[in-house]
Amino acid sequence: MKKIQMVDLRTQYLHIQQKIDQAIAQVIDSSAFIKGPIVQEFEQNLAHHLQVKHVISTGNGTDALQMAFMALHLEPGDEVITTPFTFIATAEVLALLKLKPVFVDVEPDTFNINPRLIEQAITPRTKAIVPVHLFGQCADMEPILQIAQKHHLFVIEDACQAIDAVYTFSDGSQKKAGTMGTIGCTSFFPSKNLGCYGDGGAIFTNDDALATQLRGIANHGMFIRYHHDMIGVNSRLDSIQAAILNVKLPYLKQYTQARQNAATYYNQALENCTSLQTPAVAPYSTHVFHQYTLKLEPSIDRQSLIDKMKTAGIPVMIYYPIPLHLQKAFAFLNGNKGDFPVAESLCESVISLPMHTELDEEQMEYITSHLKKSL
Ligand SMILES: *Cc1c(COP(=O)(O)O)cnc(C)c1O
């Protein structure tokens, strides 16, 4: 059996090796390493794929989020509502910009921000909501967008884990993760669902003025060469990464399908386990399974389960062990244990199984049979 990894980037590469190597060689041959024509080509291809007007590529997903907030011209101390059950980057950029993260607890089944708890967190200083489409499933955007409209708030989607997930509105219309709010952000970190071979990210928006702003911010606040209208940053996708992503984009559908097939296998193999819950898929969103995350019953000793799996050569991970309001870096927000009981209980009870495009049945059989034996 092939060695089991959380993510198997090498095998995925081997299937498209010739195209990738050729694309990289072409960039080197052209020597257009920064802002080469391939970057624009990829942006256009992705915009077309996601049905969004503007794609602005960035150096990584964290920069994408930071620039999204820079473009909104918020004031220090302005409040931004988000989830405490996410990767730190979502809220880190707020703190860097002197904005105040205000956490709202998540739903126990989807792990995404609970729209029914948002309104009570809104104050006169609230300016934006940041839903995170965690693990590959869209947050419940329809009520979130309604609340945002009612209170005149921006919506910045953190779609770093959910590229190509589809949300269905109650009128039947559909939109992709990252294209529903004011601005959407994604990451092309190698292990993400559309990953490059280094760092990369992108911003999505349908707003022409914001798109212009964002392009300037990403380029030192420069709109006319060497005329700097505002303090910006330097954040761009390298031509080599764009060339790699341009090769991989046509495979995204098939990659998502492979992840969904793996999730279906896991679901079926684990369906009779009473001591764990397989991932819930909400009726309003597809799930692109950036992670396959199980919830263990309190009776299960998670650490001993992880140890047993590791001994059997199966990596498992905890995404995420500590909610953001209890992270040392956010101590200045004075969060306390008990503030967000659902997020806290998830941090104590989740485990994620290996999930990627190259899992084969032999591996998945081995993983699930060992998991069942180790419970
Ligand atoms: C990966 C990730 C980010 C940051 O992306 P980078 O490209 O690593 O900077 C932000 N938010 C979430 C939810 C992520 O998973």
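The values are calculated or read from the model by the stated rules, or taken from the named source; none is laboratory data. This one's a predicted model, so the numbers in the text were calculated from it and none came from an experiment. As a convention, Cβ positions derive from the backbone with ideal geometry for all residues, glycine included, and neighbour counts pool all protein chains shown. The protein model used for the area step is the full one, side chains on, heavy atoms only, and it has no ligands, DNA or RNA in it. Shrake-Rupley method; radii C 1.70, N 1.55, O 1.52, S 1.80 Å.
Among 92-105, 165-178, how do they line up by average Cβ neighbours within 10 Å per residue, starting with the highest? If you can, show how the numbers build up before the last one.
Values: 92-105: 19.5, 165-178: 16.8.
Ranked from most to least packed, the peptides come out as 92-105, 165-178.
Would you compute, from DSSP H runs of 4+ residues alone, the mean residue ellipticity of the chain at 222 nm, taking -39500 (n - 2.57) per run and dividing by the full residue count, rounded to the nearest 500? Mind showing how you got there, number by number?
Details: 12 runs with 136 residues, N = 375.
Theoretical 222 nm ellipticity from helices: -11000 deg cm²/dmol.
Bins of 10 Å, beginning at zero and ending with the bin holding the largest distance: percent of Cα pairs per bin for the range 40-160, please.
Spelled out bin by bin, the range 40-160 gives 13, 43, 35, 8, 0 percent.
Hull surface divided by four, with the convex hull built on the Cα atoms of the chain: how many nm²?
Working: hull surface 76.4 nm².
Mean projected area of the Cα convex hull: 19.1 nm².
Just need the relative contact order of the chain here, percent rounded to a whole number, with Cα pairs under 8 Å and 6+ apart. It would help to have the intermediate numbers written out before the result.
Values: 754 pairs, mean separation 81.8, N = 375.
Averaging sequence separation for qualifying contacts and normalising by length gives 22 percent for the chain.
Please calculate how many Å² of accessible area the chain carries per residue, with a 1.4 Å probe and no DNA, RNA or ligand atoms counted.
Values: 16470 Å² over 375 residues.
So the chain comes to 44 Å² accessible per residue, rounded to a whole number.
Roughly how big is the range 252-374's charge dipole about its Cα centre, with Cβ charges of +1 (Lys, Arg) and -1 (Asp, Glu), in debye to the nearest 20? Mind dumping the intermediate values first?
Values: 10 positive and 12 negative charges, 50 e Å.
Once rounded to the nearest 20, the dipole reads 240 debye.
Say R0 is 51 Å: what FRET efficiency, to the nearest 0.05, do residue 17 and residue 233 get from their beta-carbon distance?
Working: r = 34 Å, r/R0 = 0.67.
E(calc), rounded to 0.05, equals 0.90.
Less than 18 Å from a label point 7 Å out along the Cα-to-Cβ axis of residue 73: which backbone N atoms in the range 133-158 qualify, by residue?
152-155
Please list, or write none, the lysines whose alpha carbon is within less than 18 Å of the alpha carbon of residue 53, excluding same-chain residues fewer than 8 places away.
175, 176
Below 24 Å Cα-Cα, how many Lys pairs turn up in the range 252-374? Only count pairs eight or more apart in sequence, or on different chains, if you could.
For the range 252-374, qualifying lysine pairs total 10.
Counting only protein heavy atoms and a 1.4 Å probe, tell me what percentage of the chain's accessible area is made up of carbon and sulfur.
Numbers: 8570 of 16470 Å².
For the chain, the apolar C and S fraction of the accessible surface comes to 52 percent.
Please work out how much length the chain gains when fully extended from residue 121 to residue 169, using 0.36 nm per residue of separation minus the C-alpha to C-alpha distance, in nm with one decimal.
Length gained, residue 121 through residue 169: 14.9 nm.
What distance in nm separates the two pseudo spin-label positions at residue 212 and residue 2, each 7 Å out from Cα along the beta-carbon direction?
Here the answer is 4.9 nm between the modelled labels.
For the chain, what is the charge dipole size about the Cα centre, in debye to the nearest 20, if Lys and Arg each add +1 at the Cβ and Asp and Glu each add -1 at the Cβ? Working shown, then result.
Working: 29 positive and 37 negative charges, 87 e Å.
That gives the chain a dipole magnitude of about 420 debye.
Using packing as a proxy for protection, rank 22-35, 205-218 so that the peptide with the highest average count of other Cβ atoms within 10 Å comes first.
Working: 22-35: 13.1, 205-218: 18.9.
Averaged packing, sorted descending, gives the order 205-218, 22-35.
If each residue of separation counts as 0.36 nm, what is the full-extension length gain between residue 345 and residue 301 once their alpha-carbon separation is subtracted? Present the calculation step by step, with values, prior to reporting the outcome.
On the way: separation 44, 0.36 × 44 = 15.84 nm, distance 1.39 nm.
Working it through step by step, the gained length comes to 14.4 nm.
Can you give the FRET efficiency to the nearest 0.05 for residue 337 and residue 310, using r as the Cβ-Cβ distance and R₀ = 25 Å?
Details: r = 28 Å, r/R0 = 1.13.
Taking R0 as 25 Å, the efficiency between residue 337 and residue 310 is 0.30.
Contour minus end-to-end for residue 26 and residue 268, with contour as 0.36 nm per residue of separation and end-to-end as the Cα-Cα distance? Show your work: numbers first, answer last.
On the way: separation 242, 0.36 × 242 = 87.12 nm, distance 4.45 nm.
Result for the pair: 82.7 nm of gain on full extension.
Ratio of Rg to Rh for the range 252-374, alpha carbon only, Kirkwood? Spell out each step's value before the answer.
Working: Rg = 15.8 Å, Rh = 15.8 Å.
Dividing the radius of gyration by the Kirkwood radius yields 1.00.
How high is the relative contact order of the range 252-374? Use alpha-carbon pairs under 8 Å, at least six apart in sequence, and give a whole percent. Mind dumping the intermediate values first?
Numbers: 133 pairs, mean separation 43.1, N = 123.
So the answer I get is 35 percent.
Place the peptides 182-192, 67-77 in order of packing, highest mean first, counting for every residue the other Cβ atoms within 10 Å and averaging per peptide.
Per-residue mean Cβ counts within 10 Å order the peptides as 182-192, 67-77.
Towards the positive end of the charge dipole of the chain, with charges on Cβ (+1 Lys, Arg; -1 Asp, Glu), say which of 170, 124, 219 has the farthest Cα.
Farthest towards the positive end: 219.
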